Every structure is written in structure tokens, then in C-alpha cells.
1. Not counting the cut sites, what is the longest span of chain A without GluC sites (Glu not before Pro) that DSSP labels loop and that have at most 12 other Cβ atoms within 10 Å?
2. Using a 10 Å cut-off on Cβ atoms, rank the peptides B:385-394, B:132-141 from the highest mean neighbour count down.
3. If you count, for each residue, the other Cβ atoms within 10 Å and average over each peptide, how do B:298-305, B:214-221 line up from highest to lowest?
4. Can you give the helix-only mean residue ellipticity at 222 nm for chain B, where every DSSP H stretch with n ≥ 4 adds -39500 (n - 2.57) and the sum goes over all residues, rounded to the nearest 500 deg cm²/dmol?
5. Using 0.36 nm per residue, how much length does the chain from A:ASN39 to A:LEU122 gain when fully extended, once their Cα-Cα distance is taken away?
6. Listed highest first by mean packing, meaning other Cβ atoms within 10 Å per residue, what order do B:33-42, B:188-197 come in?
7. Please give, to one decimal in nm, the separation of the simple spin-label points placed at A:VAL97 and A:SER164, each 7 Å out from Cα toward the Cβ.
8. With a 1.4 Å probe on protein heavy atoms only, work out how much accessible surface B and A bury together, total over both chains, in Å² to the nearest 100.
Amino acid sequence: MNSFILADANKCIGCRTCEVACAVAHRADGDVTALSAINFTPRIHVVKGATISTATQCRQCEDAPCANVCPNNAIRRAHGFVQVQQERCIGCKTCVVACPYGAMEVVTYPVVRNTGAAVNVLRERAQANKCDLCYDRPEGPACIEVCPTAALRCVDRDDLAMLSADKRRRTALDNGAGFCV
Amino acid sequence: MEKVTTVCPYCGAGCKMKLVVDNGRIIRAEAAAGATNQSELCLKGYYGWDFLNDTKLLTPRLREPMIRREKGGPFETVSWDEAIKYVAKRFAEIKAKHGARAIMTTGSSRGTGNETNYVMQKFTRAVLGSNNVDCCARVCHGPSVAGLRETLGNGAMSVSIEDLEQAKCLLIFGYNSADSHPIVARRIVKAKQNGAKIIVCDPRRIEAARIADQHLQLNNGCNVVMVNAFIYTLLEENLYNKDYVAKYTEGFDSLWNVVKDYAPEKVEAITGVSAQEVRQAMRTYASSPSSVICWGMGVTQFGQGTETVKSLSTLALLSGNLGRHGAGVAPVRGQNNVQGGCDMGVLPDLFPGYQKVTDAAVRAKFAKAWGIDPESMDKEVGVRITDVPHLALEGKVKAYYIMGEDPLQTEADLSLVRKGIDALDLLVVQDIFMTKTAEAADVILPATSWGEHGGVFTCADRGFQRFEKAIEPKYNVKRDWDIISLIATEMGYPMHYDNNQQIWDELRELCPLYYGVTYEKMGEFGHIQWPCPTLDHPGTPLLYTDNKFATPSGKGQLFATHWRKPAELTDEEFPLVLCTVREVGHYSCRSMTGNCAALKTLADEPGLVNINPEDALALGIKDQQLVWVASRRGKVISRANVSDRINRGAVYMTYQWWIGACNELTQDNLDPTSKTPETKYCAANVSAIEDQTWAENYAAQVYSEMKARLRHAVEDARPAAVTA
């Protein structure tokens, strides 16, 4: 089962430290001083409503709609999460439409491409952007590391099982009296 | 690669962090295990250091001393020697002609640290010869200092930041921790997880309100009514601690006479909060085994700020919630060293260590240490910064030496402040950036920044912590206290310090409150809270543990007063209340955070005006559209942020935007005691802009013009020989 990052809305204070950490972690140079409005493409987003502040990101679905609809088979399960193979992405945005969580975004960035006639031109390259659990980062997910209220965590199969067991216990023990007939 | 332990230069939470330095350049910041932050940082701590690279994203660093020979003329770069001589001569002339009280100075609540503040007040008192020194505590927690000194004796948090998570009840009044101090907000979240009851009094649905057990969403401008209803409830329902009140407080008999008119049922229409909610809140607060009251600018930036502080401390006294872990009062100071500014006596009424300037014995002690004649010292309380514009216009203040503050951005009613500054004969600005205030200066003295020097800060809970130098300054700049010492020496008072510690040790000797706080004791991670009177004293995490208060009688002073309406009320033309607030990614005047890539990426000009969806709909305004916001004093462009966290009838702006500058709109009604402006309440209107394309272009254009102007002011300055 895939792991995924989950935010606890009771702890989130909406500060967006996670967004910056995500953007920095996914820069090849890891340089926070190079961030700008144009290249700021975090894969985690803080959302605030009247009664909720939380961070949203990919759930790493087991039967991932993004992967199912991708016409170029660019999205597949690997390393225990749903991974986009960027070299196959054609920027068609079908995955963006398919994702029920709004966790997939297609972003563009400039690349220098050689036309073959010894001329370098600036082109836009698209990439499907989603949480990759910072799988190639030794310290683990950057967002979890920086969250000042520890609102973010990575949930795996065992955590989910524990979460469910806790809820079952609470239901049974809190309401147990009501079940005695 | 080396790691330098320092303290974050932003809010008052006092977070310890490490700057990772490679080849003389900072490459990242890491959280460190400080007492208040426990290895956590917020986005400003992690990503708020690259202003040190002189990014010019907002405004450039000041690189050379500069003089503007005539008003409106260009800056001319000069040598340090010439700049110091020029300033000293002008100060001496103005003092000779108009008297010592015609010169005003400021300390700085920001990155320079306690040592500089001590030296600045020494310079003002011993060399200039007046008590005209103040700092921006005036415009933020001035009422907390003034109010708590009267009722409890110490103008600071009685508990530690750590204590907040031990409280069983937090009463959070006009304090938005998530935006002001994320690392303190973390303690509130933890308190909630530990089962504490959270009561939030705020007109907006702030983050803490979301997790609160009760959110009393009171109307803007009626804090005193609300607190009086609280006191009424405590008395009428017999919820107060009779034993505690009898033993440790004074003034009980006069309370009822005031609050009897404020029955929760009777004031529902004013506060907008049901009586049942008010009564429930007080039952929770008073019955909890330990309660802390937290407050912020939502209490202090009103015409009745000081009185509200005194009334809030009355709640703590009535319920006996002081002097224990998880029980006390917590005015959480805003800027990283605003507590330190007050500690170091950059206040017109107090020497360092909260010793009164009106006390002859205290004056004699300082005069002796400073080698001056006590009779030459100013015996009166000095001028406060919020009085300066008025006094300048009256011709009573002629020179203003502003260090590390930006009043042309951060003070209320900027058109008034501009007029006051224009009326001065001499404006000396000592800063790290070309701020709006620096741009108006006659002399610019460029200083080293946080990161380029070390020292001691005091965080919000009275904790002294050392911060260290990480990199060498790039330009022809000097340490703040070195600049002041050179001016003092030039004016005939030899002043010289070799390092921070020398200054620190001089002031420790003069301040019984801090005598035991040595550099060694603070060390790398020490957080030593005053009072710390002896060398073997560990510091004082909790004040009033013996229920003895630092008041003349030793008893806590109970207080209640009648409500006055805010000074400027809404009307048909200006139907909305404008309240100024904070947002998490930027700090103070934004000269530092506005020059940080990540923080600028998250939020940039012209800034937001937060408005309720119904108000926006009625005005034909859509979310994220540009709008005009106007008051009787001006009009600025801003971006509408339509949010149902905002109450109807009020709009909220942050004061850090240089284009969408809300202080163009605010008014300068001052709290009569602390002289803090009522920036939480003025009348305004918001209007839609039909042509959004024009508006976007206009906002972008004025922003880029302003940045170019500030850049040119620094880059085009030349020595006189070249320009001639």
C-alpha cells in the first residue's frame, strides 16, 4: 500500500512553511534564494476556509485516476508512491482533470533546447507536478521536517491500521454502554 | 562549512537557529534547540536570511555614509570621519541654539540588540543631555508595559512561553499568534492537544478561534465593554477567588461601582456577543486550575489600550491566576528585541533595568557610572516617538536621530509623520536598508546587520539570549554602537567599547534586575529570564510566585474603567472599520523580509485588504481584484482578499506594504498614558476599480518606480568631488 502525507487540520496554523520547503526540496540547486513567483511550484498547498486550515497534497491513490487516464503511460506506481516519469509527460493535463483532490498540477518551466542547427532556443517544457514523498531526499519529506506545529505526517499501512483500531476502540468504549441491550 | 548559533531576527518568540555558512556566505538556516522553540522554526526563520545578500528585491542595503546637504538634493557619499563630524557639529549647534530637548533619538527593537540600545540611551542621556529616547514599543506593547507596571509591577509576560502549553485554560484576547508568532501558536496548539480550554476574543475568525472551545466574536472597538462584562460576571456569579483577593490585592471595593453597568445581558448589543457566551467564558476561565491570558495588538492599539491591559490583569488577580506554572498574564511582544529595547531603557521615562528617570538617587547612580554631573541630567520624562511629528511642527523638536526604525512606514497617519519629518532641521537615519525614512534623511549612517554582528536579545518572555555573528559585512558599514560612540566622542564625551560584552558588563553593573545574566551564563543556548539579581541566580521563569507584586504596596492593583468609543467612528461616507493586522510571512516595515526571495514570493505588493464576502458582494468586488481603500486621510490601492473569516463591517490590512500602505489611512488618536496610536480602528471605505487591467498595470508601475527610486538613491550617490 502506498504511503501518503496527511495534514492534521487541528494543528495547522496556515503558515505555508511547508509550501516553501516543498518548492526548495524540488529544486535541483536546493537554493531558496532563487525562488520567485514564476518558479514557485510547490506540490503541497495550504487551504484556509472559515473553520479549516490545512495542507492538501496527493493521496497516492492505490487505483490512481491520474495514472489510469494518462495517455502516454507517464504515471505509474514506483518506490511506494504514484510517480510521474517526467520524460514521458506531454503536458496534456488529463491527469489534472481526473484527480479528485486537485493534487495534480501541470506546470511549465523554460528549457534551452538545441534545434539541431546549432541554434539554442528557449522552449517551455511541461511537467505534471505532484507529491513524490521526497523519495530521493535522505531526510524524508521536507514539508514534515519544517512544519512548526507538527501537523504533517507520513501515513503508511501500519499507521492506517492503528488509526482505525483507535477509532474502533473509541467508538466501542465511549459508546459501549449504549450497545448493552 | 560552519554552523553559527544565533537567534531569529524576526518575532519575539526568540527561536534559536543555526546559520550554515560556506565560504563566507550563508547557505541555509537550521532550527536549533532553544528554550522557546524546541528545534522548530517558521518560514521566516528558515527562509528569511537572504536579505543579507543585498538582493534588492525591495530596497538596497546602505553601503556608505551619506549626507544630503540641502533638502530635496541628492545624497553625497562621504567618509565616516566626515559623517561623524557633520552629525556631531549639527547636534551641538541645535543643542546650543534650541536646548537638549530639541533632539530626539530612537533605540531599535530589531536586529541590533541590547548593547546598542544601552549605548543609544546613554548617548542621549549623558551626551545630548535629555531623556528624549524612545522606541517602537510605543506603537505596539507600550500599553502592556505601562498598564502592567501599575497593576502588577512588571511590564512583561509573567509566565514563560513554555508555560502556555501547561495552562488548563487560555484566554486569548486580540492576539493572532498564528500570524504574529507561529512558534508561540505551536504552544497554543499543544495546549489544546493537552486538553486545555481555549477561549478566543477576536472580531476575526483567526486560526486560534478555529480550534477554540469558545470564540467570542466581539465587535471592533469595544474591548473595555467586554472585559468589564467579564469582571461583572466574576463578581456577580461569585467566581472570583475571595481569599486571593483579600490577601494579595487592593482596589476591590471600587470595581463594582464601574462594572455594575456592564451586565453581559445589557451589553450584548454593543459587543455582539451573547450574555450566555460571556458568562460561560468566565466560568471556564475562573474554574480552571490554571489559566493564562494572552493578548496582543488587538488590546494595545486602541485609545484605551493601557486601561484594557489593567482590566485584563484584574481578571488574573480576581481569579488568582498568577505566579504558578500555567497561570499568569502573557502580553506577547511583537518584535525580536522589543522587550530588550524596553529592558535597556530606550524609553523616555526609564533608565535600563526599569529605573525611573525622575528618581534623583537613580540619576546619581548613572551619572557616577557615566562620569557626568547628575545636575546636568534631564530630570523630566522625555518625548515619546508618537509626539515627535506634533512637536516638530511646533518647532520644539529640531533634530531626529532614528536608528533601525522606519516611522514613515510603521507609524499611524503617515501624512502627519511626513509633515513632522519635513519640519525638522536635521534627520539622521542609521539603518541597514534604504527605507522610506532613510530616503528622507539628511544624513545616512549605514550599520551592520543581524548576521554580521553578535549580541544579546531579550525575547518575549524576558529571556536573554545571545546571538552570534555569521558573516563579514560587505560594505563600508559600522556596528551601531560604534557609530554612536564615535559621535559621542566627537561631541566631547569620549566613548569607546571593544566588543559587545564590555557594554553588557557595564549595564549589568547598573541594573540589579540583570546583574546575574553574564555572557558565560547565557552561553550558546542559555535563556536567562529577568529578574536575575545575583551571579548564582538561574533566572526567573515565573514572576510573582510569592504573590508579592512589584507595586508600592506589594499588592496587585485591581482596576476597571468605563468604555470610551474609538476616536473616529464610521459614517455614510466611510462605513467600514479599518483595522491594521499582521501576516505571517512578513515582518515589521518589511525592509528585511521584502528582500527575501521566498517570503516575497508568498506575498508581495500591493498587499491585501481582507473583507467579508457580503461586504465585498455589496461593493461589487471579487476576490483578488484590486480596489481602492480610502479614509479621511488618504487613499491606497490594495488587493481584496474575500474571506468569511472576516467579520462584516470591518476590513483588515497589514502595515508592511509600501504601495498599499495602510498607515496612510490610519489616524493618530493616542492612548493618553502610553501614547500608543489607535491603529486598530478608523473609518474607511473600499471601492471597486472597473478597469482591472489598468489597476494591475498601475500597481506594478508604482511599485517598480518606487524600487528604482530607492535603488538610485543608493547607487547614484557619489563623493562631492565627483559630482561637483
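The values are calculated or read from the model by the stated rules, or taken from the named source; none is laboratory data. Remember, it's a predicted structure, so these values are computed and weren't measured experimentally. Using ideal geometry, Cβ is built from the backbone for each residue, glycine included, and neighbour counts are taken over all protein chains shown. Just the protein is used for accessible areas: all its heavy atoms, side chains included, with ligands, DNA and RNA removed. Shrake-Rupley method; radii C 1.70, N 1.55, O 1.52, S 1.80 Å.
1. By the stated rule (loop sites, at most 12 other Cβ atoms within 10 Å), A:63-138.
2. Going by the mean number of other Cβ atoms within 10 Å, highest first, we get B:132-141, B:385-394.
3. On the way: B:298-305: 28.1, B:214-221: 22.0.
Highest mean packing first, the order is B:298-305, B:214-221.
4. Mean residue ellipticity at 222 nm (helix-derived): -9000 deg cm²/dmol.
5. 28.3 nm
6. Working: B:33-42: 22.1, B:188-197: 19.0.
Highest to lowest by the protection proxy: B:33-42, B:188-197.
7. Those two pseudo-labels are separated by 3.4 nm.
8. 2300
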